[in-house]
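Accompanying notes for the structure given below.
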Amino acid sequence: MTSSFTELNILRNNVPIYLSIVVPLYNEEESVERLVAKIVTTGNDFDFAYELILVDDGSTDNTWPLIEKLKESTPQLRGIKFRGNYGQTSAMVAGFDHARGEVIITIDGDLQNDPADIPKLLAKMHEGYDIVSGWRKYRKDHFSRVLPSKIANWIISATTGIKLHDYGCSLKAYRADCIKAINAYGEMHRFFPALASMTGARVTEIPVHHYARQFGVSKYGFDRIFKVFSDIFSINLIIHFSSRPLKGFVMAAIPFLVLALFFTSLSALATYLEWTPGKGLFFLFAAALNGMAVVHLFVLGILGELVIGTSDLTHTQMPEITKENISVNS
């Protein structure tokens, strides 16, 4: 079988779809037709059935009309439209939810990733990996984006234990059962490999091509950088303390305990040496505040342990995007 099979023939002959390609799009009217053409060209060499899922994340330009037009000539294409802008992570998760393939590829819609690299990702996955991440080894972005990215990649690798050069590369291959088990929020899509590793997924990376943006405007700004670094903190907590929150809260309480003991000692010393009136009371008050912080953190840790007993905190959570907020063109 080849990709020349129409979607109707695939369904009629009960031929399973092996690969789902998910593309999040936001105001990419100048890129979407070229991207689909490149993906179809690559897909013509596949010896298996595949589908292409374009997720319009609330675009305000002609991205969605172009998707509907492309659907007429591209039977593998399926479109999902958000009525509002939910972000790249939500767009990817919606694509995962509608994907029917055993393997899912994600790729950016701005033509900076190369669909011709997809076969390389699949070949690497056949070596026994669950996730294969692209590495933009020779990245064609401005220094103001590359430097924060390198810092973030170093921090993520150090805190999660999953060593990747390029967490931010959208070109990745996932086993469907592996990625569909993950829910996410914020900018968590870049952390999918680290989250999946918590369940035993095998993760690797390979160099992929990267090109300068040809059309449109980059969606990345300093606010995005702040979100990424805040999510790094969240991921660190999830990976290291989601199963034992008491341990995390106790570690957080240690500095406050040290301060409480320090100020208690100063208060006793001030009383013994008869320092200026009021100093001993001030130190005692500071010790009490830090002591209260220790107690509160310990109680939160206990509550966290109780929650663990009744729920699964292995996965992060995101607000559900209801069917009413999505238009599916299939």
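The values are calculated or read from the model by the stated rules, or taken from the named source; none is laboratory data. What you are looking at is a predicted structure, and each value in this text was computed from that prediction instead of being measured. In this analysis, Cβ positions are derived from the backbone assuming ideal geometry, glycine residues included, and neighbour counts consider all displayed protein chains.
Take Phe285 and decide whether it is of a type in the set (Phe, Trp, Tyr) and modelled with pLDDT under 65.
For Phe285, the condition - of a type in the set (Phe, Trp, Tyr) and modelled with pLDDT under 65 - is not met.
Name the strands (runs of 3 or more DSSP E) wholly inside region 44-111 in which the number of residues that are aliphatic (A, V, I, L, M) and either touching a Phe, Trp or Tyr at 6+ places or on another chain (Cβ under 9 Å) or outside the structural domain of Lys140 (by TED's automatic domain parsing) (or both) is 1 or more.
Passing ranges, in order: 50-56, 103-106.
Among the residues of region 171-186, are any modelled with pLDDT under 85 and crowded, with 19+ Cβ neighbours inside 10 Å?
Yes, because at least one residue in region 171-186 is modelled with pLDDT under 85 and crowded, with 19+ Cβ neighbours inside 10 Å.
Which one is surrounded by the fewest Cβ atoms within 10 Å (Cβ to Cβ), of the residues in region 89-115 that are at negative phi and more than 19 Å from the chain's Cα centre (by Cα)?
Glu102
For Met125, indicate whether it is more than 17 Å from the chain's Cα centre (by Cα) and either modelled with pLDDT of 90 or more or not hydroxyl-bearing (Ser, Thr, Tyr) (or both).
Against the criterion (more than 17 Å from the chain's Cα centre (by Cα) and either modelled with pLDDT of 90 or more or not hydroxyl-bearing (Ser, Thr, Tyr) (or both)), Met125 qualifies.
Among Ile118, Ile162, Ile156, Ile131, which is the only one that is closer than 21 Å to Thr41 by Cα and in contact (Cβ under 8 Å) with a residue 12 or more places away in the chain?
Step by step, each of Ile118, Ile162, Ile156, Ile131 is checked, and only Ile118 is closer than 21 Å to Thr41 by Cα and in contact (Cβ under 8 Å) with a residue 12 or more places away in the chain.
Which residue is nearest to Val40 (Cα to Cα), if the candidates are limited to region 52-88 and must be among the β-branched types (Val, Ile, Thr) and buried (at least 23 other Cβ atoms within 10 Å of the Cβ)?
Checked region 52-88; the qualifying residue nearest to Val40 (Cα to Cα) is Ile53.
Which one of these is under 18 Å from Glu30 (Cα atoms) and among the acidic types (Asp, Glu): Asp56, Asp117?
Asp56
How many residues are over 21 Å from His210 (Cβ atoms), part of a loop (DSSP other than H, G, I, E, B) and not aliphatic (A, V, I, L, M) if we restrict to region 162-186?
Result for region 162-186: 4.
Taking Val146 as meeting all but one of (1) over 15 Å from Arg213 (Cβ atoms); (2) touching a Lys or Arg at 6+ places or on another chain (Cβ under 8 Å); (3) assigned to a helix (DSSP H, G or I), write down the number of the exception.
For Val146, the failing item is (1).
Looking for whichever is surrounded by 12 or more Cβ atoms within 10 Å (Cβ to Cβ), in a helix (DSSP H, G or I), modelled with pLDDT under 75 and among the polar types (S, T, N, Q) here; the options are Thr264, Thr271. Which one fits?
Thr271
Identify, please: which residue in region 116-145 is closer than 11 Å to Lys172 by Cα and in contact with a helix residue (DSSP H, G or I) (Cβ under 8 Å, 6 or more places away or on another chain) and is, among those, surrounded by the most Cβ atoms within 10 Å (Cβ to Cβ)?
Filtering region 116-145 for residues that are closer than 11 Å to Lys172 by Cα and in contact with a helix residue (DSSP H, G or I) (Cβ under 8 Å, 6 or more places away or on another chain), the one surrounded by the most Cβ atoms within 10 Å (Cβ to Cβ) comes out as Gly134.
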